[in-house]
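Chemist: What follows is a structure written as structure tokens; I'll ask about it next.
A short reminder: the numbers here are calculations on the coordinates, not readings from a lab. Please read these numbers as outputs of a predicted model, since none were measured by experiment. Backbone-built Cβ (ideal geometry, glycine too); neighbour counts: all protein chains shown.
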Amino acid sequence: MAATRQPSPAKQITPVRIILIAALLLFLYHNLIHNLGVFPEEWNLGLREPLDMFKKWVIVANRDGHWMFALFFQPLKGSIDFFMRRIEDFMYWLPWTVIIAFVFFLANKIGDLKLALLTAFSLLMMGLLGLWDESMRTLALMVTSVIIALAIGLPLGVWAAHNDRVETMLRPVLDAMQTMPAFVYLIPVVLFFGIARVPSVIATIIYAIPPVVRLTNLGIRRVSEESIEAARSFGSTPRQIMLKVQIPQAMPSIMTGVNQTIMMALSIVVIAALIGGGGLGDVVLKSLRRLQVGSALEAGLAIVFMAVLLDRLSFAFSQIEHVSVKKHQGFRLLPRKWGGKSWAKAIERPITWVYAMSGRLEKKVVHLFSRLLPKQDENINSAGYFITMALGLLLLLGISFALSWVEFPENWDLSLSKPVDTAVKWAQVNLYQIGDTFIGTGPFSDFVSLYMLRPLRLLLLEWLAWPIIILLISALAWKAANWKLAVYSALSMLFIGWLGLWEASMDTLSQVLVAVLISVLIGVPLGVWSARNDSAEQFLRPILDFLQTIPTFVYLVPVIMLFNLGRVPGIMASVMYAIAPTVRLTNLGIRQVDEAAVEASVSFGATTWQTLRNVQLPLSLPSIMMGVNQTIMMVLAMVIIAGLVGAAGLGFSVIDAMQNNKMGASIEAGLAIVLMAIVLDRITQSWAQKQADAANIT
Amino acid sequence: MNKPKISFRNVWKVFGPTPEHIIETVKPETAVSDILAKTGHVVAVRDVSFDVYEGEVFCVMGLSGSGKSTLVRCLSRLIEPTAGKIIVNGDNVVEMSEEELRDLRRHKMSMVFQRFGLFSHRRVIENIAYGLEIQGVEREERIKHSYEILEKVGLHGWDQHYPHELSGGMQQRVGLARALAVDPEILLCDEPFSALDPLIRRDMQNELLRLQRDLQKTMVFITHDFLEALKLGDRIAIMKDGEVVQIGTPEDIVANPINDYVHEFTKDVPRVKVLTARTVMKPVTHKEELIGRAVAIDTTLEKLIPLTADTDDAILVMDGEDNVIGEVNRKRVMMALATIQKKEV
């Protein structure tokens, strides 16, 4: 921090100071002399009327066969719908046994038996929760969206890698797309396509496309110069270079992009329930509306299993290892540490035996089939495996139809909902306040509302009138970056006012600030802890991975169990969703601090705390700031979702307007969220960048 | 040996906004660093002309930044030369169309790279087969042929491994095998052994010499190691600042360095191993005394020393057809050893 401070005279007049003084004067005037009042209503742009008109026009034009709809939107909608229905029909037609077996064998081939068991278990759980059909519906939506997203994204990425101009054009678009909260994509799509499943697919495609474009481009660009030169020196055509060298070499990167695209698609497919996407998200939504926490939890769990399944499976694809001999590791159920214990051995031994036998059997069968293949080839093992697998699946298909194992058996039901409902009732009664203490969800909730949210809202709405806030934000932007960002931020905030959403925005801002504050208060210490303690890191990593895998929507379920409705559950959901980057980047930042600097500090006799405060934290500040930036963006992404559990503000406005079919109002609120997201993102990012430059870390 | 396989004629490579203009305007005496300072152009190759003969190993030696790597890339137009002609088998490479060039690269020349340039996603055997694959050779045939090459470079049993599983020396064997698999007429080697440690490097040099005895390829070999150039090269071109300073056989250059720059390189050379009777002999003085001990013309000083040590008599030097073409004595051998540069003839 000290490094950024210029050794300038204390009373130098800088623009930032002038703005701050102006803000101070206004503050005194506002509170002592004359109240500036709320954002003038007559300045309202009234955007919603033309938007609503447009919506009406779209409906009419659609009905009357306006050429734009007849030639573009309708065919697009029709073909996506057709495609999706075929996939959905196919997945409904397939017996559940075949689907589970397919995923099992696929995971076993690209990963290992452990992954295969995990994925099969996840699918089985979806059935056991009584949500097989809904899960397949969501899966069909996912498959459709991801296939289309990849069909567009991969070529786009390749094109960008080969053409600098395309890359420079795409980059800001992709950046902007990743700043926007998922929900924002739903609104314009609804405007053109109405409410149903096709608009969900289209929104999903748009939202999920950036990572695969980005990482395909990056992967291809990172292929070593020398291998490309080598390929050229043998007379390869540009096409051959691309197909035989660049794309295969970039494959791990591309597959990482595919993994990210799939996960982003899942997060929006679930939210798309709000615009009639159906599937698991719909179950969560309906249950939440009826406050049936039990069935919401069931659907939430099914979504979590779906997320784990898709993430691990697509992640395994990105871990392509070029090794000649695959090391055959034994299968271990229990931690390695327990290996010495006799009871652990007793458990492990049969598993190891089954594992080894199944491996041997697989080899035998594959070998048998490989002899039937015409050419001896090094890919023989893969080909043999997949042919064996296909034949096995066909056999299973026949058996399943013969024994009519097509639909997931209804009586195989864990039926969690009833016990959960009971547990929730119990929790609401007993955890609300434990005895006469201040421990419990009730006092906590009250504390957050009374001592954090309310004063902050008062501050933003009453003590600081809107012009003061605009001045303060632009001063912050100027300090973090330059006058351009200051002007941009001021205009963005003004625009929010012109939309007539000043009050709702400040409400949202106060919730965002509280959520970020709580995330930092919990996240930074956790990050420090895991940086100083390897086993803490090992303990936290899977938890953080897990938190980042789950679609936003699911977080509402546990918070509603504990905190009921209102702003506080929204904040708690945001914290859970958004805390991971702060923990991760604090950990990373501290771990990357130069060993020598720490040793120097210790050699001067600094205590652990002094070293941490004076050396490690300041040096890792840029990294921590990046984490906070990501946390802020994730909290903002959660704003709309939080509106579903009654957190007032912009999110609630979006949801409310959408459900009452007020397109214009919904778009206005969405726009305000986007503006706020961009302003907060640019300011925190420039600030983090400035810290990094000052600390000479890039 | 006498037919030029490759001819460079006034080849230039200038990097910068207006390279052609630089070539027209620059004076021969202007230093490369001045051109860079004044015009912002980097002259990588400057008016280079020489011939490489069929079946010879032609070493281009120079320090980093001397333009040797750029020069060899101009030969297959991996880098486009700015001006000049490069004649391969009588055709000017510089004027070739994209297709002719591809044909040249596929069938006539192949290259070995400093950092190997192997394809990490392909097995060793598929790496070796790459050139044939690009030519459109059927899979079965190209794999079969690649196995032959694999044996030749001593990589038996490593066919199914991936490059990163091999040591540096073995990776470069793969690189060499990949280049040889297409049976090129010309082999371009861009510092192929520089990234290897000294012992492995020596092994690889010997391996290359062994292969070359069988294959008799025309080879352009880039190196920054003068000793390597002496060991491998039939002839050596020494480059500095994009220009060829001296061309000659190893012995020529060691015996007669053209200037101080070249002399610097020759200082540490074990002269007894490089210089031969060819350099130290003088014309026969007494025609009638054509009797006595005789040696072949390419006898190194290392072998001449014991022969001349115990006699004041001259020893005759004979060429390949048993004709006496000169004589050496102890004095001449000692003089040559004493690093005196000016040879009195």
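Chemist: Which whole number gives the average count of other chain Cβ atoms within 10 Å of the Cβ atoms across peptide A:639-648?
Modeler: Values: counts 0, 0, 0, 0, 0, 0, 0, 0, 0, 0.
Whole-number average of other-chain Cβ neighbours for A:639-648 is 0.
Chemist: Positive end of the charge dipole of the protein assembly as shown (Lys, Arg +1 and Asp, Glu -1 on Cβ, about the Cα centre): tell me which of B:A83, A:V189, B:A294 has its Cα farthest that way.
Modeler: The residue sitting most towards the positive pole is A:V189.
Chemist: Using Cβ counts within 10 Å as a stand-in for footprinting exposure, how do B:M334, A:M180 rank, fewest first?
Modeler: B:M334, A:M180
Chemist: Continuing with this model, one more query. Among residues other than A:T168 whose Cβ falls under 14 Å from its Cβ, what is the net charge (Lys/Arg +1, Asp/Glu -1)?
Modeler: On the way: positive: A:R165, A:R171, A:R214, A:R221; negative: A:D164, A:E167, A:D175.
Around A:T168, the charge tally is +1.
Chemist: I would also like to ask the following. Grab every C-alpha pair in the stretch A:501-698, bin the distances at 5 angstrom width from 0 up to the longest one, and report whole percents.
Modeler: Taking every Cα pair in the stretch A:501-698, the percentages come to 1, 8, 14, 17, 17, 14, 10, 8, 5, 3, 1, 1, 0, 0.
Chemist: So what's the gap between the Cα centers of the stretch A:118-132 and the stretch A:491-522, to the nearest angstrom?
Modeler: Cα centroid to Cα centroid, the span is 40 Å.
Chemist: Non-local amide H neighbours of B:F221 (under 5 Å, H modeled in plane, Pro and chain starts lacking H): which ones?
Modeler: B:F58, B:C59, B:V60, B:C189
Chemist: Mind checking the angle between helix A:164-179 and chain A's longest principal axis? C-alpha axes, 0 to 90 degrees, to the nearest 10.
Modeler: The helix A:164-179 is inclined about 70 degrees to chain A.
Chemist: Note the angle between two axes, namely the Cα long axis of helix A:663-694 and the longest principal axis of the Cα atoms of chain A, as a number of degrees from 0 to 90, rounded to the nearest 10.
Modeler: 90 degrees
Chemist: Return the ratio Rg/(2.2 N^0.38 Å) for chain A, where Rg is computed over Cα atoms only.
Modeler: Normalised Rg, Cα atoms only: 1.06.
Chemist: Hey, what angle do you get for helix A:650-659 against the long axis of chain A, alpha-carbon based, 0 to 90 degrees rounded to 10?
Modeler: Value to nearest ten degrees: 60.
Chemist: Taking the number of other C-beta atoms within 10 Å as the exposure measure, put A:E42, B:E243 in order starting with the fewest.
Modeler: In order of increasing Cβ crowding within 10 Å: A:E42, B:E243.
Chemist: OK, next. Tell me the net charge near B:E100. Cut-off is 14 Å between Cβ atoms, B:E100 excluded, with +1 for each Lys or Arg and -1 for each Asp or Glu. Let's see the in-between values first.
Modeler: Values: positive: B:R77, B:R102, B:R105, B:R106, B:K108; negative: B:D91, B:E95, B:E98, B:E99, B:D103.
Local net charge: 0.
Chemist: Expressed as a whole number of Å, what is the distance separating the alpha-carbon centroids of the stretch B:33-75 and the stretch B:241-266?
Modeler: Cα centres, the stretch B:241-266 to the stretch B:33-75: 15 Å.
Chemist: Hey, can you rank A:48-54, B:4-10, A:244-250, A:637-643 by average C-beta count inside 10 Å, highest first?
Modeler: Descending mean neighbour count gives A:637-643, A:244-250, B:4-10, A:48-54.
Chemist: Turning to a different aspect of this structure: What number, in percent, do you get for the relative contact order of chain A if the mean sequence gap of Cα pairs under 8 Å and at least 6 apart is divided by its residue count?
Modeler: Taking the mean separation of contacting Cα pairs over the length of chain A, I get 18 percent.
Chemist: While we're looking at this one, here's another question. So what is the relative contact order for chain B, in percent, with contacts set as C-alpha pairs under 8 Å and at least six apart?
Modeler: With pairs under 8 Å counted, the relative contact order is 18 percent.
Chemist: Could you tell me whether the stretch B:82-228 comes out rounded, prolate or oblate from its Cα gyration tensor? Rule is a ≥ b ≥ c as square roots of the eigenvalues, rounded for a/c under 1.5, then prolate if a/b exceeds b/c, otherwise oblate.
Modeler: It comes out oblate by the Cα gyration axes.
Chemist: If Lys and Arg each add +1 and Asp and Glu each add -1, what is the summed charge of the other residues whose beta carbon sits under 15 Å from the beta carbon of B:M239?
Modeler: -2
Chemist: Per residue of the stretch B:239-244, in order, report the coupling 6.51 cos²θ - 1.76 cosθ + 1.60 (Karplus, θ = phi - 60°) as ³J(HN,Hα) in whole Hz, putting x for Gly and Pro.
Modeler: Along the stretch B:239-244, the couplings run 10, 8, 6, x, 10, 7 Hz.
Chemist: Average partner chain C-beta neighbours within 10 Å, per residue of A:243-250?
Modeler: Taking all residues of A:243-250 together, the mean is 3.
Chemist: Out of the chymotrypsin sites (Phe, Trp or Tyr not before Pro) in the stretch A:434-490, which ones are loop residues according to DSSP with at most 16 other C-beta atoms within 10 Å? Could the numbers behind the result be given before it?
Modeler: Numbers: sites: A:F438, A:F444, A:F447, A:Y451, A:W463, A:W478, A:W483, A:Y488; in loops: A:F438.
For chymotrypsin sites (Phe, Trp or Tyr not before Pro) across the stretch A:434-490 that sit outside H, G, I, E and B with at most 16 neighbouring Cβ atoms in 10 Å, the list reads A:F438.
Chemist: Using a 10 Å cut-off on Cβ to Cβ distances, tally the other chain neighbours for every residue of B:119-126 and report the average as a whole number.
Modeler: 5
Chemist: Please arrange B:I236, A:I275, A:I571, B:I200 by counting, for each residue, the other beta carbons lying within 10 Å of its beta carbon, fewest first. Numbers along the way, then the final one.
Modeler: Working: B:I236 26, A:I275 20, A:I571 30, B:I200 16.
In order of increasing Cβ crowding within 10 Å: B:I200, A:I275, B:I236, A:I571.
Chemist: Also: Expressed as a whole number of Å, what is the distance separating the alpha-carbon centroids of the stretch A:289-307 and the stretch A:620-669?
Modeler: 21 Å
Chemist: Can you order the peptides A:509-517, A:293-301 by their average number of other Cβ atoms within 10 Å per residue, highest first?
Modeler: Packing order, densest peptide first, comes out as A:293-301, A:509-517.
Chemist: So which GluC sites (Glu not before Pro) in the stretch B:1-31 pass both tests, a DSSP loop state and at most 15 other Cβ atoms within 10 Å of the Cβ?
Modeler: Loop-located and lightly packed - B:E29.
Chemist: For chain B, what are the DSSP H helices with axial Cα length of 15 Å or more and mean Kyte-Doolittle hydropathy of at least -0.5?
Modeler: Flagged H segments are B:168-181.
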